1. For the condition under 17 Å from ALA380 (Cβ atoms) and out of contact with any Asp or Glu (no Cβ under 8 Å at 6 or more places or on another chain), what is the one hit in VAL281, VAL308?
2. Can you tell me which condition LYS328 does not meet? The list is (1) buried (at least 21 other Cβ atoms within 10 Å of the Cβ); (2) within 14 Å of ASP403 (Cα to Cα), and all the others hold.
3. If the requirement is being surrounded by fewer than 13 Cβ atoms within 10 Å (Cβ to Cβ), among the charged types (D, E, K, R) and modelled with pLDDT under 70, which of these qualifies: LYS42, LYS26, LYS88?
4. Is at least one residue of segment 352-364 under 30 Å from PRO275 (Cβ atoms) and either in contact with a Leu (Cβ under 9 Å, 6 or more places away or on another chain) or of a type in the set (Gly, Ala, Ser) (or both)?
5. If I filter segment 270-287 for residues that are among the basic types (Lys, Arg) and closer than 22 Å to GLN341 by Cα, do I get at least one hit?
6. Under 6 Å between Cβ atoms, at least 6 apart or on separate chains: pull out the pairs that start in segment 299-317 with a residue that is under 17 Å from ASP349 (Cβ atoms) and in contact (Cβ under 8 Å) with a residue 24 or more places away in the chain and end on any residue that is of a type in the set (Asp, Glu) and buried (at least 23 other Cβ atoms within 10 Å of the Cβ).
7. Going by the structure shown, is ARG123 under 60 Å from the mean Cα position of the chain (by Cα), assigned to a helix (DSSP H, G or I) and exposed (fewer than 12 other Cβ atoms within 10 Å of the Cβ)?
8. Looking only at segment 384-403, how many residues end up being at pLDDT 90 or above and surrounded by 16 or more Cβ atoms within 10 Å (Cβ to Cβ)?
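The values are calculated or read from the model by the stated rules, or taken from the named source; none is laboratory data. In this text the structure is predicted, and so the values were computed from the model without any measurement. Don't worry about glycine lacking a Cβ; one is built from the backbone with ideal geometry, like all the others, and counts go over all protein chains shown.
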Amino acid sequence: MKIIFIRIFVVLLILNMPVAQAEEAKAIHQQRHLDALSVYRKNADDYVAKNLNRFGLNQLLNYDASLDSMYKTEVNDTVEAFKTNYDKSHQARSSTISGLHTEINDLSGQKEKAKSGFTGLLRKAVIASLIWLGIVLLLMQIRSRALKRVQLRLDESNGQLSESERRMSAGREMLKLAHDNENEYHRLNEKANSLQKIITEAPLSDESGFSKEDADRLKSAVGEVVRAASSNQKIAGTILTQEFPAGIEKENANLNQLCDQCFELVYSGMKSDDPDLKISVSKDLEKNLPQIKLIPDAVIQLLLNVLVNAFQSVKEKQEKKVKGYVPKVTISTRVLPRFLQVRVHDNGDGMTDDIIQRVSEPYFTMKPAAHAAGLGMYFASKIASEMHQGELKIESEPGNKTDVYIKFFTS
């Protein structure tokens, strides 16, 4: 029974083995391995057919061992093939990746180069734009300066035209003044001659109350009036011609006397024009003032111009009704080292530094052209500096005062 059971088991095993072997053989692909397995399979089938189960089992065991060996061999071969293929594929991929890295580096270099080129072009464009803008601004500035120069020339031409018109107006006023002065001088001279004739023919006696001393004093006073009128005529003629005779000689003169004469003349003229005018006047003339060589008529014109400005300044300020204001004009003389000094002071509105700088320019005036020619301080400065090699200096405090210093050098 035991032997029968074993034979049944072996037969069943043999019957089931082809299925298992077929399943395992699926992993075998090489023809030589399939041929070897076929030999073992055929031998086993032959032994079983001959009822030689033990030999058939040995063939099956050899078949199974060969199958395992061949399977492992093919697996190893497959693994090696996979490995070889992987290595080749890896090398190919590595080469491709290396090429891509190289291409990326090249592209990065090209990008940086392009970026650098773009930056350079942008910088050049900015520089070119700035240069172009600078050129445009320069051209605009040049054009603006040219327009300013044209405008200045136009303004200068307009100023010259206005100046010419003002000079013509001033010339007409001066001509009228000179003619009026000339006629007044002739009338005054005629009256003085008539008065002197009356004085000469008048009976002189103590009983009549008109003595010889009175007649002499009256003649002297009339003579002073005639001389003053003559001096005014010369001054008017000088203003009209705007110059003194060439080669005029200087002579010894008393500066105190000239200052006193001009001061009284201007003050009397102001009072005659406005009897209600109240101005505090004072004279501080240096005693024993030495005589110096001067051109008296020119100095008189100089002093008259300065004094007229001083009196007009205080009069204009007084007309503004400034509370507590008392107009004051002072003239003084001093002996100083190397020169004699005349100072004319007034407490009028004064002048700014800009006006002081221009006050000696010809035809410069702050008054309407119909009332002033703008020549007074111009002639005064020329008389002091050019005719007497002296100096005329103005110091002023706007709103408070003005001091005019006239220096006549003694050596």
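1. Answer to the check: VAL308.
2. (1)
3. LYS26
4. no
5. For segment 270-287, residues among the basic types (Lys, Arg) and closer than 22 Å to GLN341 by Cα: present.
6. Matching pairs, first to second residue: ALA310/ASP346; SER313/ASP346; VAL314/ASP346.
7. yes
8. Count: 6.
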